[in-house]
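Below is one structure, written out as structure tokens; comments come after it.
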Amino acid sequence: MKKDAPFHRTEVLPREEYVEQAYLFKTLRERMTSTATQELMLSLRHEILATTQLPMAMEFMYMELKHSGEMTPAMRKMTHYFTPFQTYIMMEAEREGGKFDFQTALEILEKEASCRANGMSRPGMFMYQLEAVSRNRLRYDMALAAMADDPIYNDDWREWILIVRRQLGIIEIADLIYVRSEYYRIQKKITLQPPEKPVLFGEKEGRIALATRRKDPVFLFSALQRHLDYPTVPRRKSEETEEFLLPKLLRTVDKLEARVKLLEEEMRGGIDITRFYVKEK
């Protein structure tokens, strides 16, 4: 199957499956810095509840890791278990030449699985997935196609997500949300009439969307999180902190200084290599 082939719709799983998925993604993220992913898959199978389907899925993922070094092909084949969005996030993390951090991908998947386990609403899940794509500069076309096939959404939502897929970039996301909200019907004074198109967002979501029109979508995401407790998307921890960057810069400067000194000595007539000899005691 091609890497960018369309995703396929799966079914909503029992809550315990998503709880164990969240644990798997969390533990992989925490332990993979010191242990190979293949070894982790083998050892973590004993920690996952045997009453779920996840141990079998992990065994299949282990075999694919051993064969190709990637988990995406296995997740693509298990359309009955992993959602299209989960598969898409893993695909972007493993994409050759991509800049999407694997640790960030696992953290996004961990929180997304927790949201599913806790019964996240459709508007909340949509905004979480969209922000994850936006903040990490992933491909909207494929991401929205995967979201449209997500089992959490019904037919009305699926139809609207595909509309967003076609119109995003031409029409602002705030406008697309506003016209499908209850607040839009209140503003247009058509609450007594049946809606022409299904209402997908509540009054508060519509009010916030209207207030953040013609602004960076980050302000829309942030306002929804502040006022309606929408889930926040894990952000990539910048390595350019003082704790990390200063020692790295110092090492780089030391290396550059040593190279410059060697070049200067060579230009002056040669490098005195005797100073690199070990002196006998």
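None of the figures in this text is laboratory data; all of them are computed from the coordinates on show. The shown structure was predicted, so the numbers you read here are calculated from the model rather than taken from an experiment. Heads up, the Cβs are rebuilt from the backbone with ideal geometry, glycines too, and the neighbour counts pull from every protein chain shown.
Quick notes on this structure:
- Peptide ranges 84-90, 43-49 listed from the most packed, as the mean C-beta count within 10 angstrom indicates: 84-90, 43-49
- Report note on the peptides 152-160, 31-39, 106-114, 50-58: ranked by the mean count of other C-beta atoms within 10 Å, highest first, their order is 106-114, 50-58, 152-160, 31-39.
- Separation between Cα centres of the range 66-106 and the range 31-60, rounded to whole Å: 16
- Too-long pairs where the Cα-Cα distance tops 26 Å, listed order kept, from Lys99/Lys204; Lys77/Lys197; Lys111/Lys204; Lys188/Lys215: Lys99/Lys204; Lys77/Lys197
- Neighbourhood net charge (13 Å Cβ-Cβ; Lys/Arg +1, Asp/Glu -1) for Pro217: +1
- Tensor-based shape of the range 1-127 (alpha-carbon gyration tensor, a/c under 1.5 rounded, otherwise prolate or oblate): rounded
- 14 Å beta-carbon shell around Met56, net charge (K/R +1, D/E -1): -2
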